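A.B. asks: This structure is in structure tokens; I'll ask about it shortly.
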Amino acid sequence: MHPHDLGDDRPAAPPATATASAPVSVPASVPASVPVSAPASGAPDAPSDTAAVTRTFDAPGLHGVTFHEVRAGSILERLPGARRAPLERVVNPYLGCSHACGYCFARTTRHRPGRGAAPDFDSQIVVKVNAAELLRRELAGPVPAGGHVALGTRTDCYQQAEAHYRLMPGILAALGERAVPFSVLTKGTLILRDLGLLRRAADAARVGVCVSVGSLDTGLWRALEPGTPPPAERLEACAALTAAGVPCGVLMAPVIPFLGDSPVVLRETVRAAAEAGAVSVTPLVLHLRPGVRERFTAWLSEHHPRLVPRYEALYAGGSYAPTWYQRRITGKVHELADEYGCGPRRREAGRPARGRATVA
């Protein structure tokens with residue numbers, strides 16, 4: 001998918017409230033004590049296009065995570081020519097994400113861009129309960145040719161809450177019925193639930209599917225991605241998708257400087273992706289926007305203090321690592337991907353025609 005951005009290490013994580021891969025068990029009805037049609041105390045600011053929060057409760061399967069159900073006023077967002085995100089339209093059925101990745105750039109984009117990282121990004125999740133209904137309505141008119149829809153640019157559509165809310169089946173069905181090209185990137189293995197819908201959509205339009213795996217380091221996974229399935233399980237999902245006729249790529253993201261960028265780590269990650277049947281491997285180096293940068297640096301200072309000066313030097317120019325570093329990582333990963341048969345040369349040799357599944 002549109003490479004959203006995505007990182008890795010060893011012991012404890014930055015503060016997070018979700019538990020790793022915990023199933024969500026939400027009540028079928030709201031207790032009488034829970035307010036209806038009004039935000040609960042501590043609720044995040046509702047997006048400007050949404051109605052009032054209709055239900056708020058704590059999910060027993062995710063301790064400390066609260067879900068705020070809203071009826072949104074619109075679901076298709078347009079991204080006007082952003083250089084690093086050249087997507088025409090995006091759909092975010094959730095705001096916030098219980099995957100709780102410590103480096104996630106979307107922490108700075110929820111609700112009100114430019115206001116710093118949301119401290120409750122992973123503990124206060126807004127659920128657009130009418131997302132599929134809205135999408136059908138908004139796709140009812142003429143569908144512009146040439147563009148595609150990116151699913152989940154500021155959230156993960158297959159985070160734990162999706163097991164209960166089931167927003168994605170309706171969204172995928174709506175896109176497939178209108179033959180709208182789309183892409184989806186996820187760290188969640190729940191995407192396998194929707195294999196049939198993905199296959200049908202891919203028969204009508206170009207569909208891009210990627211799973212995100214920055215490295216196989218389980219220490220980094222536990223520290224920085226505490227609410228996600230283990231990397232090995234994500235690669236198993238990639239294998240299952242490809243075997244079922246929905247070719248899946250791996251977004252190797254984020255590559256974390258000095259912790260997940262050694263030649264050995266890069267090779268083992270690319271090799272594992274190839275063995276899982278990935279049709280592509282695309283690296284993205286960690287980027288640190290204001291707000292997220294401070295959060296990540298605090299974690300680094302506690303667990304890897306010797307790396308702090310190196311990060312300050314590498315990111316002295318801003319949120320992104322310098323071009324020379326990004327080119328070095330990209331070149332090495334593409335070289336390895338070609339070696340293992342899932343690199344750019346393979347994609348260029350077998351670029352599919354319209355209506356077949358491909359990789360974003």
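Derivation of every value follows stated rules applied to the coordinates shown; laboratory data play no part. This structure is a prediction, so every number in the text was calculated from the model and none was measured. Counting neighbours? That spans all protein chains shown, and the Cβs are built from the backbone with ideal geometry, glycine included.
A.B. asks: Taking the beta-carbon count within 10 Å as an exposure proxy, list 107, 178 from fewest neighbours to most.
C.D. replies: Sorted ascending by nearby Cβ count, the order is 178, 107.
A.B. asks: Please report the net charge: other residues with Cβ closer than 10 Å to the Cβ of residue 332, K and R +1, D and E -1.
C.D. replies: +1
A.B. asks: Also, quick follow-up: Does the range 266-350 come out rounded, prolate or oblate by the C-alpha gyration tensor, with a ≥ b ≥ c the root eigenvalues, rounded set by a/c under 1.5 and, if not, prolate when a/b is larger than b/c and oblate if not?
C.D. replies: The shape class here is prolate.
A.B. asks: Identify, among 219, 320, 195, the residue whose Cα sits farthest towards the positive end of the charge dipole of the range 50-349, taking +1 on the Cβ of Lys and Arg and -1 on the Cβ of Asp and Glu, with the dipole about the Cα centre.
C.D. replies: 320
A.B. asks: Any idea what diffusion coefficient the range 50-349 gets from Stokes-Einstein, in µm²/s, Kirkwood Rh on alpha carbon pairs, 10 °C, 1.306 mPa s?
C.D. replies: 80 µm²/s
A.B. asks: Also, quick follow-up: With a 10 Å Cβ neighbour count serving as the proxy for reagent exposure, in which order, fewest first, do 217, 261 appear?
C.D. replies: 217, 261
A.B. asks: Rank these for me by crowding, 221, 299, 324, going from fewest to most other beta carbons within 10 Å.
C.D. replies: By the 10 Å Cβ count, ascending: 324, 299, 221.
A.B. asks: For residue 77 and residue 200, FRET efficiency with R0 = 35 Å and r from the beta-carbon atoms, rounded to 0.05?
C.D. replies: 0.90
A.B. asks: Run the paramagnetic zone check for residue 163: 7 angstrom along Cα to Cβ, then residues of the range 225-268 with backbone nitrogen under 14 Å.
C.D. replies: Residues passing the 14 Å test: 227-230.
A.B. asks: To continue, here is another question. What spacing in nm lies between the two simple spin-label points modelled at residue 178 and residue 233, each 7 Å away from Cα in the Cβ direction?
C.D. replies: 3.3 nm
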